1. Tally up the residues in segment 32-61 that are touching a residue at least 60 places away in the same chain (Cβ under 8 Å), polar (S, T, N, Q) and open to solvent by less than 80 Å² (accessible area, probe 1.4 Å), please.
2. Just one of (1) of a type in the set (Ser, Thr, Tyr); (2) at pLDDT 95 or above; (3) within 13 Å of CYS106 (Cβ to Cβ) trips up THR63, so point out which.
3. Filter segment 60-87 for residues that are within 17 Å of the chain's Cα centre (by Cα) and hydrophobic (A, V, I, L, M, F, W, C); which is farthest from CYS38 (Cα to Cα)?
4. What do you reckon, is ARG62 assigned to a strand (DSSP E or B) and charged (D, E, K, R)?
5. Of all residues in segment 69-95, which are assigned to a strand (DSSP E or B), within 18 Å of LYS48 (Cβ to Cβ) and open to solvent by less than 70 Å² (accessible area, probe 1.4 Å)?
6. Run down ALA29, ALA6, ALA98 and say which single residue is at pLDDT 90 or above, among the aliphatic types (A, V, I, L, M) and either within 19 Å of the chain's Cα centre (by Cα) or outside any loop (DSSP other than H, G, I, E, B) (or both).
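The values are calculated or read from the model by the stated rules, or taken from the named source; none is laboratory data. Please read all numbers here as calculations on a predicted model, not as lab measurements. Virtual Cβ from ideal backbone geometry, glycine too; neighbours counted across all protein chains shown. SASA here: full protein model, heavy atoms, side chains in, ligands and nucleic acids out. Shrake-Rupley method; radii C 1.70, N 1.55, O 1.52, S 1.80 Å.
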Amino acid sequence: MRRYLAIAIVAAILSGTLGIASAEPASAASRHQGTPQCVKVAKYYTKKHKRYVRLKNLCAKRTACYTIVVPWRPDPRGRLKKGVTKNVRYGTDRDPRALYVKNRSC
């Protein structure tokens, strides 16, 4: 009898943990609904000791704004016009690589 009780308790704990883990992405998605996700990273690369990121504006009807997140450095910000692809320089090869590009409101 104790064995079945222990199995039921473990199952309840695991189902609660899975419920919390599955609810987290939904809440993260709801926080970012205000800013359209127009700017997408096409490529990170280094050329002649300079770091670049190639960004695309996937929104055809609006200008998009972005922030390149680089650890221990000021985050470069910028704008992309409608439907444009642009190579953006954000540092040298001695600087840390960018972690990601964040869409922001203009």
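1. 1
2. (2)
3. Only one residue tops the list, namely VAL70.
4. Working: assigned to a strand (DSSP E or B): no; charged (D, E, K, R): yes.
Taking the combined requirement at face value, the residue does not satisfy it.
5. VAL88, TYR90, GLY91, THR92
6. Details: ALA29 fails: at pLDDT 90 or above; ALA6 fails: at pLDDT 90 or above.
Testing whether each residue is at pLDDT 90 or above, among the aliphatic types (A, V, I, L, M) and either within 19 Å of the chain's Cα centre (by Cα) or outside any loop (DSSP other than H, G, I, E, B) (or both) leaves just ALA98.
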